[in-house]
Every structure is written in C-alpha cells, then in structure tokens.
Amino acid sequence: MLLHAVMAAAGMVMVLFLLAHMYGNLKVFSGAEAFDGYAAHLRTLGEPFLPRSGALWILRIILLLSVLAHTGAAFVLWHRMRAATGGRGSRRYVTKKAPRGVQRTYSSFTMRWGGIVIGLFVIYHLLHLTVNVIAPGGASDSPYQRMVGGFSIWWVTLTYLIALLALGAHLRHGVWSAFASLGVNTGVRRRRHLNQVAYLVTGVVILGFLLPPLAIQFGMVT
C-alpha cells in the first residue's frame, strides 16, 4: 500500500505541473511579447530572496523527485506482479463478482508502455523548447519563436499528438488509480464521481495542450 500511495502522490504532483504548464502554453495566443514575458518571469520568481531561476530550479527538483518516485514505485510494483504470475504478467484481474477474471481497460493495460512513450517525448521536448539544443523549426532565443517554428512542421506536431494520446490514456487511468490508492474511493457512487473527475481532468489537460500546436500548424498563430 505504501508504494501505491507514493506512486499516487507523486503522480498528483505531476498532474499539477501539467496544469501549470498547460496554462503557460496557452499564453502563446496572447502573442510573442506575453509568451516570452511569461517565460522570463518564471526565472525571476522569488527574487530577491532567491537567486535568478532559483524558484524554477526548486520546482524542477520537486518534479524530478516526483518522476523518480513515480517510476521507481511503478517498476517495483510491476516486478512484484511479474514474480506473482511466474513472469507471465496478466491481462485480467479477479474480483468477487468475477472470479474468472475481468478484462482490464485499454488505458490500464498500456500504462507501462504509455509511460515510456511519454518519458521519451519529454526528453525530446526539453531539448527542443527548454534547453534549446535541437531546433527543428530554426534556432531562436525566443521561446515563442521556438514553439511557433517547431509546431509549424507537420511531423513535429504529429509526434506531439502521439505523445498526447499516450498521456491521455496514462492520465485517465492514473488519476483514477491515485484516488483509489489514497483511499478516496469509498463506494459505488463515489467511484462513479471519481471516474468522472478523472475523465474531466484528462480532457482539460489534453485539450489545453492540443490547442497551441494545432493553432500553429493551421496558421492561426504565427
């Protein structure tokens, strides 16, 4: 239970980060000055009590620790499941009402591989839009120009959409599982409401992340 709680709490931290990151991405609709100004403001948070980018690095460290805790707990739980099933794994789980097993949902079944896809994309995304190491749309010191230049290329947008599909499946099941692991799932009615919340959170996050690249790709943001 402890590993499930750690995995759930770390996952919730990452969900909060996704919501904040989505909010920042949507500023692309306000133009280059607003978007670049927001990016610069993140580096001055906490001044003069913190050095430049100090608050940003604190947030990055918290996020990194959450990612490590989440993936570490997931790996240990996966290893235990493999050991319990003789290395075969399982596509079904048993309940009192269905002792012969119930087919897992597609999102739960793809959690591990979806997490790998998301992890690989995050590395690429950081190298492109944060570290500014790769520049598929042209090198620029402007975060706005890097974003617009990158998503003006069809295959960059396509890879982003594929990553969002993996994120959507991962997030839907992850939010639901986090509620269950943290003891919030206390009955049939509550379970139904929590499932609705999981779909709502997933829908908001995916839609929020979809809007900027699609708007750029179709020339609505230039």
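Given a Förster distance of 25 Å, report the FRET efficiency between Leu68 and Leu42 from their Cβ-Cβ distance, rounded to the nearest 0.05.
Working: r = 22 Å, r/R0 = 0.90.
Efficiency, rounded to the nearest 0.05: 0.65.
Set the Förster distance to 45 Å, then compute FRET efficiency between Phe49 and Ile134 from the Cβ-Cβ distance, nearest 0.05. Each step should come with its number before you reach the end.
On the way: r = 34 Å, r/R0 = 0.77.
Rounded to the nearest 0.05, the efficiency is 0.85.
Once Lys and Arg get +1 and Asp and Glu get -1 on their Cβ, which of Thr157, Phe75, Leu45 lies farthest toward the positive end of the dipole of the chain?
Towards the positive end, the residue furthest out is Phe75.
Pulled fully out, how much extra length does the chain show between Leu59 and Ala32, if you take 0.36 nm times their separation in residues and subtract their Cα-Cα distance?
So the chain would gain 7.3 nm between Leu59 and Ala32.
Roughly speaking, what is the stretch gain from Leu120 to Ile162, that is 0.36 nm per residue apart minus the C-alpha to C-alpha distance, in nm to one decimal?
14.0 nm
What is the helix-to-structure angle for 188-217, meaning the angle in degrees between its Cα long axis and the longest Cα principal axis of the chain, kept from 0 to 90 and rounded to the nearest 10?
30
Quickly estimate the mean residue ellipticity at 222 nm for the chain, helices only: each DSSP H run with n ≥ 4 gives -39500 (n - 2.57), and the total goes over all residues, rounded to 500.
So the helix-based figure for the chain works out to -23500 deg cm²/dmol.
Give me the accessible area per residue for the chain, probe 1.4 Å, as a whole number in Å². Can you show the working numbers first?
Working: 13600 Å² over 222 residues.
It amounts to 61 Å² per residue over the chain.
Taking the dipole about the Cα centre of the chain, with the C-beta of Lys and Arg at +1 and of Asp and Glu at -1, give me whichever of Gln145, Ser181, Asn132 is farthest to the positive side.
Ser181
If you roll a 1.4 angstrom probe over the protein chains with everything in place, what fraction of the accessible area of region 105-222 belongs to carbon and sulfur, to the nearest %?
Within region 105-222, the accessible surface is 70 percent carbon and sulfur.
I'd like the orientation of helix 111-125 relative to the chain: the angle between its Cα long axis and the longest Cα principal axis, in ° from 0 to 90, rounded to 10.
10
Tilt of helix 54-84 relative to the longest C-alpha principal axis of the chain, in degrees (0 to 90, nearest 10)?
Orientation of helix 54-84: about 30 degrees from the principal axis.
The values are calculated or read from the model by the stated rules, or taken from the named source; none is laboratory data. Values in this document were obtained by computation on a predicted structure and should not be read as measured data. When we count neighbours, we look across all protein chains shown, and the Cβ atoms used for this are built from the backbone with ideal geometry, even at glycine. Protein only, heavy atoms only, side chains kept; ligands, DNA and RNA dropped before computing areas. Shrake-Rupley method; radii C 1.70, N 1.55, O 1.52, S 1.80 Å.
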